[in-house]
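The structure under discussion appears below in the form of structure tokens.
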Amino acid sequence: MRDFILKRAASLILPFIFVYGIYVILHGAVSPGGSFAGGIIVGLSFIAFSTIYGIEEGQAKLPEKVLVWTESYGTLWYGLMGMVGLGRGVPFLANKLAGVDPGTPGTLSSGGLIPLIGLGVGIRVASTFVTLFFTMMEEER
Amino acid sequence: MRVIKNLLLILLALLVAYAVIMTVAELPPYGQPDNPVHNQVAKRYIDEALEETGALNMVTSIVLDYRAYDTMFETIVLFTATLAVVITLKTGKGEGRRK
């Protein structure tokens, strides 16, 4: 698809979709949504970009090096957040038990480790979807 | 010989169906407040999730705090799915990819 109208409309809408995905990931503890939903929205913004502008443009925006990096270290980040509990002498992935301040409910920093863990999950989900899409589209060519 | 085998298979199927139907008949009625599924776990989440995790969204507090192990291995499932697709589709190395 190399339509002029489609390209201009996508260039207007896609940045907002991307920022909205980041918003949903970060506000997982306060509002409906969460890291899985937000990660899919972020991944979808890249997938839509690649379908409209072509797979080469998409891979130029998100090189394979970045994808390999996020694929590999998303779960490791999750595990590192779990190690906070082990360092304080309480079980793995403990949150309030590990002495992390839960904060004021309703603010962005509430939930202790939950926003940080959610960031890792969101990055993992987004990179998984983009990697699956790129791999299958490359095979299609 | 074949008829006997088929009759035995039908008998086996009927036995399994009988066992399954009797199990379903033993289930507690749907949606009653004193069912065994409504135990202290759900009550604990509803009453104390906000206080114990500080997250307003109770689903997130369960998924990323109480059941954090589960979510961690869900991300590993995603990793395995990607790995399987990449191994299956990206054969060969670099530019020498299979055409």
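The values are calculated or read from the model by the stated rules, or taken from the named source; none is laboratory data. From a predicted model like this one, the values you see are computed outputs, not experimental measurements. Note that each Cβ is placed from the backbone with ideal geometry, even for glycine, and that neighbours are counted across all protein chains shown. Quick note on the areas: whole protein, heavy atoms, side chains included, nothing else; ligands and nucleic acids left out. Shrake-Rupley method; radii C 1.70, N 1.55, O 1.52, S 1.80 Å.
Where helices (runs of 4 or more DSSP H) fall wholly inside segment A:50-141, the ranges with 1 or more residues that are at the interface with another protein chain (Cβ under 9 Å from one of its Cβ atoms) and over 20 Å from residue B:57 (Cα atoms) are A:64-87, A:114-140. The lone criterion from (1) more than 14 Å from chain B (Cβ to nearest Cβ); (2) assigned to a loop (DSSP other than H, G, I, E, B); (3) not hydrophobic (A, V, I, L, M, F, W, C) left unmet by residue A:11 is number (2).
One residue alone among B:89, B:78, B:56 is at the interface with chain A (Cβ under 10 Å from one of its Cβ atoms), aliphatic (A, V, I, L, M), more than 23 Å from residue A:129 (Cα to Cα) and surrounded by 11 or more Cβ atoms within 10 Å (Cβ to Cβ), and that residue is B:56.
Filtered by the rule that a residue be open to solvent by less than 20 Å² (accessible area, probe 1.4 Å) and either of a type in the set (Gly, Ala, Ser) or at pLDDT below 85 (or both), segment A:103-121 gives A:110, A:111, A:112, A:118, A:120.
In the set (1) within 30 Å of residue A:98 (Cβ to Cβ); (2) in a loop (DSSP other than H, G, I, E, B); (3) among the hydrophobic types (A, V, I, L, M, F, W, C), residue B:41 fails one condition alone, (2).
Just one residue in the set B:77, B:24, B:41 is at pLDDT 90 or above and farther than 27 Å from residue A:40 by Cα; that residue is B:24. Determine whether residue B:31 is touching a Gly at 6+ places or on another chain (Cβ under 9 Å), modelled with pLDDT under 85 and not β-branched (Val, Ile, Thr). No, not satisfied. Taking the criterion of being in a loop (DSSP other than H, G, I, E, B), free of Cβ contacts under 8 Å to residues at least 24 places away in the same chain and closer than 28 Å to residue A:79 by Cβ, would at least one residue in segment B:56-64 satisfy it? Yes, segment B:56-64 has at least one match.
Filter segment A:106-141 down to residues that are free of Cβ contacts under 8 Å to residues at least 24 places away in the same chain and within 18 Å of residue A:28 (Cα to Cα), then give me how many there are. The qualifying residues number 2. Just to verify a result, which residue in segment A:20-33, among those that are open to solvent by 50 Å² or more (accessible area, probe 1.4 Å) and assigned to a helix (DSSP H, G or I), is nearest to residue A:111 (Cα to Cα)? By that ranking, first place goes to A:26.
Scanning segment B:13-36 for residues that are assigned to a helix (DSSP H, G or I), of a type outside the set (Val, Ile, Thr) and open to solvent by 100 Å² or more (accessible area, probe 1.4 Å) turns up B:14, B:15, B:18, B:26.
Put simply, of A:36, A:16 the only residue that is surrounded by 13 or more Cβ atoms within 10 Å (Cβ to Cβ) and under 22 Å from the mean Cα position of the chain (by Cα) is A:36.
Number of residues in segment A:50-63 that are surrounded by 13 or more Cβ atoms within 10 Å (Cβ to Cβ) and over 16 Å from the mean Cα position of the chain (by Cα) equals 8.
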